1. Surrounded by fewer than 18 Cβ atoms within 10 Å (Cβ to Cβ), at pLDDT below 95, polar (S, T, N, Q) and closer than 23 Å to Ser79 by Cβ, is that true of Gln365?
2. Given the criteria open to solvent by 10 Å² or more (accessible area, probe 1.4 Å) and either touching a residue at least 12 places away in the same chain (Cβ under 8 Å) or among the aliphatic types (A, V, I, L, M) (or both), does Glu882 qualify?
3. Given the conditions (1) under 27 Å from Glu740 (Cβ atoms); (2) among the hydrophobic types (A, V, I, L, M, F, W, C); (3) over 48 Å from the mean Cα position of the chain (by Cα), which single one is not true for Leu695?
4. Kindly indicate whether Phe455 is out of contact with any Lys or Arg (no Cβ under 9 Å at 6 or more places or on another chain) and either crowded, with 19+ Cβ neighbours inside 10 Å or in contact (Cβ under 8 Å) with a residue 24 or more places away in the chain (or both).
5. Can you tell me which residue is nearest to Asp681 (Cα to Cα) among those in region 645-657 that are in contact with a strand residue (DSSP E or B) (Cβ under 8 Å, 6 or more places away or on another chain) and crowded, with 21+ Cβ neighbours inside 10 Å?
6. Do you know which residues across region 8-44 are farther than 30 Å from Gln295 by Cα, modelled with pLDDT of 80 or more and open to solvent by less than 30 Å² (accessible area, probe 1.4 Å)?
7. Give the residue, chosen from Gly335, Gly321, that is closer than 22 Å to Val386 by Cα and of a type outside the set (Val, Ile, Thr).
8. Report whether or not Leu643 is part of a strand (DSSP E or B), touching an Asp or Glu at 6+ places or on another chain (Cβ under 9 Å), touching a residue at least 12 places away in the same chain (Cβ under 8 Å) and not polar (S, T, N, Q).
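The values are calculated or read from the model by the stated rules, or taken from the named source; none is laboratory data. Since the model is a prediction, treat every value here as computed from it, not as a measurement. No Cβ is skipped: glycine too gets one built from the backbone with ideal geometry, and neighbour counts run over all protein chains shown. Surface accessibility is based on the protein's heavy atoms, side chains included, excluding ligands, DNA and RNA. Shrake-Rupley method; radii C 1.70, N 1.55, O 1.52, S 1.80 Å.
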Amino acid sequence: MDKNTVLTHILKPNGMSTILGGELPVSVINNNKYISQLTPEAPLTDGNVDDNLSSLDHAILAALSGEIRTVILMGAEGSGKTTALEKLVVDWARGEHLQNFAYVFYFRLREISSLEGMLSLETLMQHHHSHISSESMPRVLQKPEDVLFVFDDLDQYKLNLDPSVHTLCSDPSQAVSVSCLIASLLHGSLLKGAAFMVATRPTGCLTCLSGTRVEVLGFLKPQREAYFNGFFTDPVAANKALMHMEKTLGFYDFCTSPRFCWTVCSIYKTLMNAGAKLPETLSQLFVDILVHLIQPLSLDKACNRELVLALGRMASHCSLGQHLSCTKEELDSFGLQRFIASVGVFLQVDGDLESDTCVFSFTSQLMQEFILAVSFFLDKSTSEGVEKMLEEHKGHAKFLDLFLSGLSEPIQCRPLETLLGELNPDQVMNFKSWFKSSSEETLKGFFKDRHHRCFHLLHQAQNKSLVKEIITPSARIGISYGDLNLQDCVALNYVITCLGEMKLLNLYRTRNLTEEQAEVLAPAMSLSHKILLADSSLSAGAVPHLASALSRGLTEKLDITYTRLGEEKFKILCAGLRDCKLHNLNLQVCRLTEASCEDLVLVLTSAASQLCVCDISFNEFEDQGLMKLCKALHSPHCRLQQLYLQSCELTAASMEALSAALCSGNSELRELGLARNTIGDSGVEALCKALQHRLCKLQSLKLSDNELTGVCCPHLMESLMSEHCVLSELDLSVNDLGQEGVLLLCQALSQPGCPMEKLGLKRCELTQPVFKELGSLLRSGNSQLKSLFVGVNQVGNQGVKHLWDAVAHPSCLLEELDVEMTALTDSCVEDLCAAVRASKTLKNLELRNNSLTDASVPALIRVMEDSPNMQEMNLQYNDLSEEAFNMLPECDKIRY
């Protein structure tokens, strides 16, 4: 096979480059402008733009060099598949690659599918490759393992590839239908052992075709940069164009398409040369493209309008019928007959314009949808509303509503109206009315994808007042927008910046907040009073943008629980926390270490810090970390009022330092949570010294599950009886305090002036005598207790009766009582109801996990309905049947 002849054949110009159709592959190859794309297996940072063996080429060559005989190259519209295939054949002909093949044949399946009649493989090969002589054909057919067939445009192949509908042939000289011939080749019946390279968009044809699949990603950022630098001779212009595209369009998937990059570069160059403003949105870009295509035709407004309406009818036909192309007869039916000489500007033309076999197609799905949108607003002959039109094209037109939104704004459509005449005002008003009503309905719901679509439409409209009109107070824009793609980030950021501020930016469960996404969202973050990023994953590159947004923004509360941030990322975040308006910081389960505490100290002791609530629970920084934090509590700049340290591997060893900090005179701490740490009795003893100090301001202390015993109770008793103690909340749950220990506490609580209002003693092995003493305390007139939690203590009806009697007493101030899992039965209900009726203060009663049955339900419903001060009773996990569940909805104050 004469490779020079093949080279001449493949590099022969066929057609011309157009703005929408892209640069011809031949031109790209001849001018050494070829940039290989990436595959999913390649590193995303892989530039390799000057390497002839970049990742896509590597993938193809590796696949074809082994035992694999069929390789399927898959990629979206305009992703460079044809150029990659032609480059493959050129490299083979030049002796650079694939030299294990003696013969390479390149076919466009789109052209083959239009062939009629019966023909053999020999005829097909000689028809499309006339440089193959009939004498050399036997050599080709005798060694099929030396043959590579390159098939392009499988997605445009109109015939059936399913082997089950054909009687496959094996004789190269046998004349069969084209459909049977291609199926026989690809399924290995004909010329068995030959290799195949097939390029296609994702299509149903692939279901009956096996082989190794190589996905084409197109141009990522490094390739786009190389492409723009090659397109523009001026590096400054190249950088300006690239930066603008990345900012305004780079978040769309189709920006990876080399063909789209060609279109953008072409239109940007024209606009930049004319000193015109570059487009800010996708809609504006296509307005500029259509204007650029129409102007050189030198038609009057009426003709321009008629042309676009005719193209709109073709676009509708292709969209509704899922047709990739149209015949000349169909083109005439759309009204394009008189514009046949100009259609090549807008459409891809395959064949001779004079021939009836010529077919026409939109080179760009985006342009097809844009033309459809323009023609909708131009058409004055139809009364079809936008809702019906969008419903008809649902699933076929991804960007139609976006284009309609952009075109509905007068400023954006004005350049088109200059050429086409005024848009139909009725249709524009119809769209605006539909958009407003549908958006209001959408934003009342909880479907984040629908919210995002609304934001995209607003972004295309580029109308700040419209955003404020659509985003009303009833809009639920506080729902979780986690797992945004880059495109969603741009739209959401646009909406928030138009609003000027956001109460809550909810990004809960964002599985990977990338640097690009965080950079785009940074303005929105800075305008949000609360940012929720709980249970999310932040990339290292995202954290500096979050830190920057916090340092210059309005954010008062940041929740990044369960982000597993780690030491290094936290250090970066702290740089932004030192000078910001943040009041509340939640850092639970962030994998913080002792070193992280040093960074937090710098934040807390910053003169600009306003942080007053910090939850760093479930981080194992241990005693050394807490000792470092205590330095911050000594600082006059530290404004911390609430500190939560649950499950931080703390022991008694750090409690002396904490106690000293609490009574230093500079500490503003009011609430301290130390639950689930092994601080023990000696740790509590150290803390009690602070509680008795006149400078200690602590009002709430949570010591749940601290491995405490009755040994600590005398120290607590002494503290509670101290004249300087201001403690109003104490949680000692899940500690084995014993009867004697709790009775000592009751003595302290019964003292006049004891400020205790909230006491937690759940699962403390309490006994009936303790409950009796608690009842006496509540009736004494000295107790200020408003909340009592004594659940998970198995004292039964008899023990809890002391509390019912107390609740009924006029001196009892209880508003909240928790007797969960105390072995209550139906026998207690009479006393319970009497207490609830008598109480003037009780609001909430926790009765979960007891043994109440259906028999108690009517009485409980009545008492809740008869007691106006009662807000909630919880009956979950009792022995209730379906019959009781059917009764309980009568009372909305009972949870069950």
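1. no
2. Judged against the criteria, Glu882 is not a match.
3. (1)
4. When the stated conditions are applied, Phe455 passes them.
5. Leu650
6. Within region 8-44, Ile10, Ile29, Ile35, Ser36 qualify.
7. Going through Gly335, Gly321 in turn, just one is closer than 22 Å to Val386 by Cα and of a type outside the set (Val, Ile, Thr): Gly321.
8. Against the criterion (part of a strand (DSSP E or B), touching an Asp or Glu at 6+ places or on another chain (Cβ under 9 Å), touching a residue at least 12 places away in the same chain (Cβ under 8 Å) and not polar (S, T, N, Q)), Leu643 qualifies.
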